[in-house]
Every structure is written in C-alpha cells, then in structure tokens.
Amino acid sequence: MRCKECGEGARDNTLRYCENCGATMPTPPPGSLRRTGTRAAIQTSGRSRSTSAAPAVSTQDEAEDTEPQPRPVRVNNEDERTDPGLPPKPPYEGPVWLAHVPGHSPSVLGVGLVGVALVLSILPFFAGVGPFWSLVVFAGGWLVTARELREAGQKHPLVDWVPDSLLRPVVPAVFVVVTAALAIRMLGIGLTPLLWLAGAGLLGFDQYRKVYVGEHGWSRLFEPRQLLQGVAPVALGGMALCLTALFLTWVPTRASTHSTGPVPQAPPELRVMDAPRPSDDFLYNLLEESYDKGWDQPFSVSMELLLLAVLGVMALRPEVPRPNWLRFSPIGVVVLGLIWMLVHGGLLAGPLLFLAGLAAVGFASVYRAFSREA
C-alpha cells in the first residue's frame, strides 16, 4: 500500500500515517488490523464480526494497559514474632548438653537434677532429706533459677516476679553449700545419691566461676589454702572424722520382742508360734521411723552445716576485718556438737568417732582463738 501524497510504499499495511511525509494513509483492506498507539483496531467491511475474537482482543488490550501489581511477599512466622527494633539473637554455640536448658546454665540443670531427686523421695523406695530440707532446697533452687534466667536475658512468668533484692550473690553461694552438705548426707548406692552428687557438682562448678572467682567475688574474703596452714589441717581432719561417724551406728538396733521359747509358768510342750507382729509388717515398717545411724538423728544436717561454718571461719583471709567474737564461734560449735552427741548417741563406734573428731576441731579452735590474743 502506497501513500497518496508522496507515493512512498508502506512496509506495514496497518499504519495510519505515512512514515515519509506524515499524510493519512489509505484505508487498509477489510479484515486487517490497524494499530492506534498501543491498541489494535479491527477494520471490517461492516458485516457481523465473530463473537469469539472480540473477548480475546479485549483481554489482550486490558493486559497491555494494566500495570503489573506487586505480589505480596509471605513473611515467616519467626519474622512476625521478631521485634524489628531489636537485634537478632546470636546462634547458640555452647555445649550440646546445655542447648535445651533454660538460660543454657549448668546451675539450672543442677537444680533440675536435685528436683528430680526430691520428687523421687516421695516414693517409699527412694531415700530423701526430709520435708524441711526439701522445702529449703525447693525455695533456694527457685531463686537460683530466677537469677540465672535474669542474667541470661530470658523471661518466664514463674520467676519474673522475684525481686532483685532476693537475687544477690549470697543466695547461690549459700545454696551451693547447703546442696553440697545434703549430697554428703545422701551418699550411698542408688539413683537419688547419683542425682544429688551430679546436681551439687554442676552447681558448684558453675557458681564457682560466677560467684567466687572475680574481683567482686567471694575469693576476696575466703582463701581455701588457709586450711592447710598452722593447726587448720587438724580441724580439717577432725571434720572428716565427724562426717564419717555420721554414717555409722549411733543407737542399738531394736531387737524383736517375740520368741519361740516356752511360755513361762506353762508346760514345756506349750510354745508360742512364730506369728507376725505389727512391727514385722512391711507397711508398718514403712511408716515407722528408724534412728540407727548418725544421719537419722534429729538436726544432723544442721550439725554438719555448723562444722562446715567452722572451716569457713578458718578459711577467712587474715586481712579481712572481723568482729572479736567471731574467733570464739568455733569453740561454741564444738560445745553444741558435744551436747548433741551426748543426747542422741550411745557407747557405740559412731558417737565415739564423732567425739574424736570434735576433740580435734576443738583443739584447733582453742589454739587459733587464744593465740591471736597473745
């Protein structure tokens, strides 16, 4: 098709204007498409058009004229829960056995092991430390767990309400000493002794570097090497004798009251049958309390803690200021231990060995108390 003005031949029959002079091009033959801008028009001779072609062209025009809409990006659930104002937490790179422990703290794991031992002690087949010390360990473990989670920056509704005044360094220090004393009291063969030893070991290992070591730790007050100088080793040996004596028998075992001998004032043929008495019943023995060994005596754990306190006083650094009465406190502990032994002990190996240990502790205490006055 050529232009009527300049005679230039058009390469595209659908052009409306001439590419050379800009004049209007002749009308294209029927059935051809003419482009107007971005749309294409259908030129026909006036006859009816097919109804199937119009929707296709209309759909193509709408697709060309419509701007592409941005697709919504799906956000992960982790990104929705993350505060964009806070930096992302670094990945955990510590020991594998602490990956799922709250706060990744060995102390929390130790408290958990001790808690399992306390739960097992409810059953009659496992040994326990008694209701009072169980309550003390439960409360102390709660406070230690709250302190560890707060230092790790983790929150939990069970411990968030604990005030900061109850989370001072003295709390885990005292709790470690109490747990260690109870672990010594629970020494034996079984599951609960292993749980107590493992829990006390984890607590001592973790709190040693958190509470004891450091410029503001308890190492500025106590020096364990003081127990190896002067007469302090005598007190240390006496302490070991006292603890060993608590594992021995303190009270004679109660003998059975029934016999199979002849009945007094009766024919010799008449004998008592070996019938079970209430004291021989298994369920009765579960409820009956036994006070044979030293650990079974009342206030035995308290006596152990007092003896450990004597070692703590002897382990104080010489430059640490202290009141004058503190150097006489070990003598008072020895006197209390002697009274306790006389009340709850007898003439057996356990009380006698305990007395020998008290004599060694008393000698070292008197020597250290009065040698400083001279």
### Query
Once both labels are modelled 7 Å past Cα along the beta-carbon direction, what's the Ser302-Cys6 spacing in nm?
11.9
#### Entry: Convex hull (Cα only) mean projected area of the range 298-356, reported in nm² to one decimal
4.5
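What do you get for chymotrypsin sites (Phe, Trp or Tyr not before Pro) in the range 139-189 restricted to DSSP loop and a cutoff of at most 11 other Cβ within 10 Å of the site's Cβ? Don't jump to the answer; show the numbers that get you there.
Numbers: sites: Trp142, Trp161, Phe175; in loops: Trp161.
Passing sites in the range 139-189 are Trp161.
Laboratory data are not the source of any read-out in this text; all were calculated from the coordinates shown. Just so you know, these numbers come straight off a predicted model, no measurement behind them. Glycine gets a Cβ as well: all are built from the backbone with ideal geometry, and neighbour counts include every protein chain shown.
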